[in-house]
Amino acid sequence: MKEEKSAPAEERPRPKSKSLICWLGILVAACILAEILLMKACVRDGGEPEPSGQKAADGKIIGWQETEGQEAEPSETPATSSDPTDAGGESLREPQEIQEPSVIGHWGYTGYLDECVQWTDYESFRGCDYDGDGRTDRIYREYRGKELCDYRVEFGNGEELTVTDCYDTGFPKVQHCDLNGDGRQEILFTLSYLTSTDPTAFGDTALYEWTQEGYREAELPFERQEADGHTYCLRVDYTSPEKYRMLATVKATGFQTEVPIAEEAWPSVESWEREPADEVLWRVSLIQGENGAYLECAFSLLGKWVESEIIADVAERDGVYRIEDMRAVADSEE
Ligand SMILES: [Ca+2]
Ligand SMILES: [Ca+2]
C-alpha cells in the first residue's frame, strides 16, 4: 500500500491564510488613509477657520496689516483691506473696531507721524519735503514713557536729525526756510501745547542748520529756560505806574511797552511786578520777507489774563541769530 505522502508543511493552507491577512492589512491601511484624506478635505471646505485676529490687552479688537507669505502681525492701525471677501461688510475676519481720530491721538504713539491715523493731524506729515531735495521726508516719533518722547526727522537720503526729550503732550510742527542764504533749508521744529489751560505759557523751539557734519542746532538770541532744553524765554520786568496799567521792560534789549489791564484781570496780574518774569516763546513762524527770511517769535505777556504779546523778529547775520525788531501787539491785532 502506497503510503499517502502527507503534504509538506509549506503546502498546507497556512500559507494561504497568511496571504489573506496580508491583503486584509493592506485594505485596513487603505481605509485609514482614505479617512484621513476625507477629514482633511472636510476641514478645508467647511471646518472652522484659523483665528485671523487677536484681541488687545484691553479686549478691543485691533486691526491687521497682512503681507503675502507672512504671518499676520497685529497693528494699532485699522487695516484697509482690498480683500474682495470684505465687500458688503462680509468678511471671514474678526470685526474691527475703528477708533475715531482724535486731536490727541498722537499721545503715547510710537511710529511715523504720517501713519498715526488715530490723530486728526497725521495727514499734514504726508508727502513733506523739508530739505527741498525732492525726496519725501518723514518724522518718526518714539514714546519713551514717563511723558517723554523723541522725534527723528528722516530726510530720505540718509540724513536725519533727532529732537530728544520732548513732552508727550506737545503738538509738533516742522517749518523750513533758508535763513542764512547758504542754499540749504533750515529746519524749525516746534511743539505747542494747545490743550493746556494756558497754551501761551508753554512752547518748545529748536532750529537746525545744515553743516558739513550734518544738522546742528543753532542758538536763538533768547534765554534758555532752566532744566528744559527746548524752551526759550524773554526776561521781562514789570512795573505798575498806576492801577490797571503795567509797564513791561525787556531786560536784554531795553524795549518797553505799556500794557492796559482790564479791571477784572487786575487782581490776577498785579503781583507780577514783584519779580522778573520769564515769558515763554510759544509761537514761531518762518517768514520769507523782502530782505530775506526771518523768524517771527511771539511771547505772551502776563499769562492768559492779558491779550498782549511782544513779537521779536530774528534774522541770521554773519553766522549769528540776532533780534532785528521788537514790537508789542494785542492778540486782536494779529
Ligand atoms: Ca527731502
Ligand atoms: Ca540755510
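The values are calculated or read from the model by the stated rules, or taken from the named source; none is laboratory data. This is a predicted model, so every value here is computed, not measured. No Cβ is skipped: glycine too gets one built from the backbone with ideal geometry, and neighbour counts run over all protein chains shown.
Observations, loosely collected:
- Members of the range 134-152 that are basic (Lys, Arg) and in contact with a Phe, Trp or Tyr (Cβ under 9 Å, 6 or more places away or on another chain): 135, 138, 141, 152
A quick yes/no check of all residues on (1) of a type in the set (Phe, Trp, Tyr); (2) touching a strand residue (DSSP E or B) at 6+ places or on another chain (Cβ under 6 Å); (3) within 16 Å of ligand 2 (Cβ to nearest atom):
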{"site": "206", "(1), (2), (3)": "no, yes, yes"}
{"site": "214", "(1), (2), (3)": "no, no, yes"}
{"site": "217", "(1), (2), (3)": "no, yes, yes"}
{"site": "234", "(1), (2), (3)": "no, yes, no"}
{"site": "242", "(1), (2), (3)": "no, no, no"}
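- Residue 208 in contact with a Phe, Trp or Tyr (Cβ under 6 Å, 6 or more places away or on another chain), under 27 Å from residue 234 (Cβ atoms) and crowded, with 19+ Cβ neighbours inside 10 Å: yes
- Taking the range 173-190 as the range and being surrounded by fewer than 21 Cβ atoms within 10 Å (Cβ to Cβ) and away from ligand 1 (no atom under 16 Å from the Cβ) as the test, the residues that pass are 173, 180, 181, 182.
- The strands (runs of 3 or more DSSP E) falling completely within the range 193-291 that include 3 or more residues that are among the small types (Gly, Ala, Ser) map to 277-289.
- The range 130-161 - residue that is surrounded by fewer than 20 Cβ atoms within 10 Å (Cβ to Cβ) and away from ligand 1 (no atom under 16 Å from the Cβ) and, of those, nearest to residue 296 (Cα to Cα): 150
- Test for residue 127: is it on the phi > 0 side of the Ramachandran plot, modelled with pLDDT of 95 or more and out of contact with any strand residue (DSSP E or B) (no Cβ under 8 Å at 6 or more places or on another chain): yes
- Every listed requirement among (1) acidic (Asp, Glu); (2) modelled with pLDDT of 95 or more; (3) not in a strand (DSSP E or B) is met by residue 142 save one, (3).
- Selection within the range 153-188: residues that are within 16 Å of ligand 2 (Cβ to nearest atom), part of a strand (DSSP E or B) and more than 14 Å from the chain's Cα centre (by Cα). The member of this set that is farthest from residue 281 (Cα to Cα) is 161.
- Checklist (1) more than 16 Å from ligand 1 (Cβ to nearest atom); (2) surrounded by fewer than 16 Cβ atoms within 10 Å (Cβ to Cβ) applied to residue 115, failing item: (2)
- Being of a type in the set (Ser, Thr, Tyr) and surrounded by fewer than 17 Cβ atoms within 10 Å (Cβ to Cβ) is a property that holds for residue 196.
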